[in-house]
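Report on the structure given below.
The values are calculated or read from the model by the stated rules, or taken from the named source; none is laboratory data. Because the structure is a prediction, the values reported are computed rather than measured. Heads up, the Cβs are rebuilt from the backbone with ideal geometry, glycines too, and the neighbour counts pull from every protein chain shown.
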Amino acid sequence: MIDSSNPLWFKFNNFIEDIIVVTACDANKIAIDVGCHYGRFAWAMAKHSHSVFAFDPSASILLKKNIWPELPWTNPAGVDNVVFINCGVGDKYQILTYTEYDDSSWNSLYHGEFKRAKELIKISEKKVVVVKLDDMVRGNVSLLKIDTEGGDLKVLQGSMRLIQESLPVIVVEATVPDNRRKIISLLNDLDYNVWHIGGIIDEPTQDANVSSLNLLAIHKTDIRTETIMSSINNFIKFSHDKNYDDMTQWMIRNTTG
């Protein structure tokens, strides 16, 4: 199994999230990508959803480029069902300072929440509008993906109506350890099972004291659970000692029609 010391770790985890997109999205429902960055997962969601709402405070989301040409499921060509919304998302309407770093994957409204911010070079700051998902999205949501570098708990807290009405599959990057514990507790209280993404997925967890930042939450009544879990575990088993090209070809064979 690939672990966090492997240079492929980041791409490996992206592939797992791609699998969740393919197996959790519904052609008749909405998908939401909070912290969409360049739109990799938004494009993938779009191919399997009725429509996608993609939120990000950075102007980079407006760059509709195919920057992963080897990954056909992320290609934006012909996709017209993604609505990009250039704002932040949190637990209430407010104006906050958005910090951009030399590594744009760490841009954040909540830079004070995670230690990595101290290691980064600050490029710019700007004031941005922050909204609640509950105020922005109406409709049946199949998948909610959250990656906001420290603001993930706030996004969930501002999405309670949406979550309780739609019971979406939720993928969240819980960057801050204390927030990770609170996120797991919050989702458990909503009758969600929660798993750490990164190794063979077996039993749900209540343990926040692990290195994996990424959490997968599926409601206990959701009939998609077996399909999602078996697909992830099949990929994890296959990827042992494989290179990027091997993993890419597996994804093409198993996730694209």
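Filtered by the rule that a residue be surrounded by fewer than 21 Cβ atoms within 10 Å (Cβ to Cβ), part of a helix (DSSP H, G or I) and in contact with a Leu (Cβ under 8 Å, 6 or more places away or on another chain), the stretch 120-137 gives a lone residue, 134. With respect to the stated conditions, residue 246 fails to be under 30 Å from residue 92 (Cβ atoms), of a type in the set (D, E, K, R) and modelled with pLDDT of 90 or more. Among the residues of the stretch 177-196, just one is part of a loop (DSSP other than H, G, I, E, B) and more than 20 Å from residue 226 (Cβ to Cβ), namely 190.
Quick test for you: out of 232, 200, 218, 228, pick the one residue that is hydrophobic (A, V, I, L, M, F, W, C) and either assigned to a loop (DSSP other than H, G, I, E, B) or modelled with pLDDT under 90 (or both).
Being hydrophobic (A, V, I, L, M, F, W, C) and either assigned to a loop (DSSP other than H, G, I, E, B) or modelled with pLDDT under 90 (or both) holds for just one of 232, 200, 218, 228, which is 200.
Of all the residues that make up the stretch 13-64, how many are at pLDDT below 90, part of a helix (DSSP H, G or I) and surrounded by fewer than 23 Cβ atoms within 10 Å (Cβ to Cβ)? The total comes to 7. Among the residues making up the stretch 138-149, a single one is surrounded by fewer than 22 Cβ atoms within 10 Å (Cβ to Cβ) and either of a type in the set (Lys, Arg) or in contact with a Leu (Cβ under 8 Å, 6 or more places away or on another chain) (or both): 138. Across the stretch 163-185, the qualifying residues are those that are surrounded by fewer than 24 Cβ atoms within 10 Å (Cβ to Cβ) and either modelled with pLDDT of 95 or more or touching a His at 6+ places or on another chain (Cβ under 7 Å) (or both), and the one among them that is nearest to residue 93 (Cα to Cα) is 163. Checking the stretch 73-94 against the condition returns a match, with at least one residue being under 30 Å from residue 246 (Cα atoms) and modelled with pLDDT of 90 or more.
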